[in-house]
Structure formats: C-alpha cells, structure tokens
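Visitor: Dropping the structure in here first, questions after.
Coordinate-derived values only; no laboratory data. Just so we're clear, the structure is a prediction, and the values are computed from it rather than from any experiment. Because the Cβ atoms are built from the backbone with ideal geometry, glycine has one as well, and the counts that use them run over all protein chains shown.
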Amino acid sequence: MKLPTALDTLPPEAASGASLYPPAPGEPAVHAKRFWSGRRIPAALTAAVCTGLTGLFLYDIAAVRTDRQAMAWRKGLAHQLATRHLDDTWIILGASVAAALGLWLLVLAATPGERELLPMARRGPHAVRAGLDRHAAELVLRDRAMEVPGVRWSRVKVGRRKIRARAASHFRELDDVRRDLTGALEGAVRQLGLAKPPTLRVHVHRADKKA
C-alpha cells in the first residue's frame, strides 16, 4: 500500500509549480517597480578607462613639473587639437564616438535593466519584493498549454508587455482549442502573481500530419 506524500495532497496546479495564492479580501496591492541591474561590466570598463587615462595624464604632468620632457603622444595630441579645424573629419568622428559613448552611459544610468526578471505583485504592509524569471514563466505556461485537449505542441514567448503563445492541434476544432487554450493560459498568468500581467496573444493552427 502506497502512503500519501505531500505532493499527493496538493492540487494539480500546485504540484506543477504554478499554485495560486489569492490575496486576502480587501488586501491592497503595493506598486512593484522593475529590478535595477548592477551594471557591473559597464561600470568596471568605465572606471578602468578613466583610471588609466587619469594616471597617464598625472604622470606626464608630474614629469613636466620636474623638468622632464612630456610624452610624445600628449605633445602630438595637443598639436593636433591646436591645428585641426572643427570641421575636420577626424574631429567630427572623435566627437561622434564620444557623444555615442556618453549617451550609452546615460541610458544605462537611467534605465533599470534586468529585463529577464518580471516583478511580482506586492501585497500587505510587509510585502516581500520578488521577481519571476521569464524563462521559468515560459516553462509554466507551456506546460499548462500542453494540458489542453487537442494541443500537440506549443511554444510560449514571455515578454515584459506581451505573451505570445503558438500551438498546433491535431484534433478538435481550432476555435474550441483556441478558446480552451486562451482560458487556461489566462488563468495561469493570473496564478503567476505578476504586478503587471502582460497582454496574452494566442495563435492556434492545424498540426502537420507528417510531423
């Protein structure tokens, strides 16, 4: 005789990893913002370049103060900047590169990043801030789609604003499969507990008989 386990006492949704945790009546939802990325690689590269250039300039200035010759590259750079006009091709190219790098750093500083994490809803006075990986959400929704009768295979792509689900049916009417699949995925999206559930788009077509 097989003894019941903890998973046997849970509903199918909980056993599949998409259990529903409904909020308490009247429990307000706390606004959840996107997670901010550490930007470690851009910050490390910028700090390394700035530190290297600053060190070279300081060393050259200290050498000049001690009656030594300035480095050839700094004298050449000063000469080029003093003699070239503003409409020179290399001046325009260098300014464009510097402006592009500065704009890139400003965009990194002003945007949250962490596009792979979807913020989950926060409820209650002591709400815990949590996020759901988009790939994990895709797996949960794909498994839920495969439970719909008539679905032979399915692909789900979860974005920050849209969820695109494609499925192939090898029996049943396509309209019936699409209706059941849409209802199943809408319920699964609600169970994910996202702060801003993306818009769901479902496409169903007839499966190839040779596949």
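Visitor: Label points 7 Å out from Cα along the Cβ direction at GLU173 and LEU108: separation in nm?
Guide: Taking the two extended label points, one gets 5.6 nm.
Visitor: Another one. Loop-only check: which trypsin sites (Lys or Arg not before Pro) in the range 25-107 are DSSP coil with at most 16 other Cβ within 10 angstrom? Please report the intermediate quantities before stating the final value.
Guide: Numbers: sites: LYS33, ARG34, ARG39, ARG40, ARG65, ARG68, ARG74, LYS75, ARG84; in loops: LYS33, ARG34, ARG39, ARG68, ARG84.
Those satisfying the criteria are LYS33, ARG39, ARG68, ARG84.
Visitor: Okay, next question. List every residue whose amide H lies under 5 Å from the amide H of ILE163, counting only residues 5 or more places away in sequence or on a different chain, with H placed 1.01 Å from N in the peptide plane.
Guide: THR199, LEU200, ARG201
Visitor: Given charges of +1 on the Cβ of Lys and Arg and -1 on the Cβ of Asp and Glu, with all other atoms neutral, how large is the dipole of the range 61-134 about its Cα centre, in debye to the nearest 20?
Guide: Values: 10 positive and 6 negative charges, 61 e Å.
Computed about the Cα centre, the dipole is about 300 debye.
Visitor: Next question. DSSP loop trypsin sites (Lys or Arg not before Pro) in the range 87-170 with at most 12 other Cβ atoms within 10 Å of their Cβ, which ones?
Guide: ARG129, ARG161
Visitor: Let me ask something additional. Pick out, from GLY150, HIS135, ALA100, the residue whose Cα sits farthest towards the positive end of the charge dipole of the range 83-155, with +1 on the Cβ of Lys and Arg and -1 on the Cβ of Asp and Glu.
Guide: So the residue furthest toward the plus end is GLY150.
Visitor: Taking loop as defined by DSSP and a crowding limit of 12 other beta carbons within 10 Å, which GluC sites (Glu not before Pro) in the range 125-211 fit?
Guide: Values: sites: GLU138, GLU147, GLU173, GLU186; in loops: GLU147, GLU173.
The qualifying sites are GLU173.
Visitor: Short version: ³J(HN,Hα) in whole Hz for each residue of the range 144-151, in order, from phi by Karplus 6.51 cos²θ - 1.76 cosθ + 1.60 (θ = phi - 60°), x for Gly and Pro, what are they?
Guide: 5, 5, 5, 7, 6, x, x, 7
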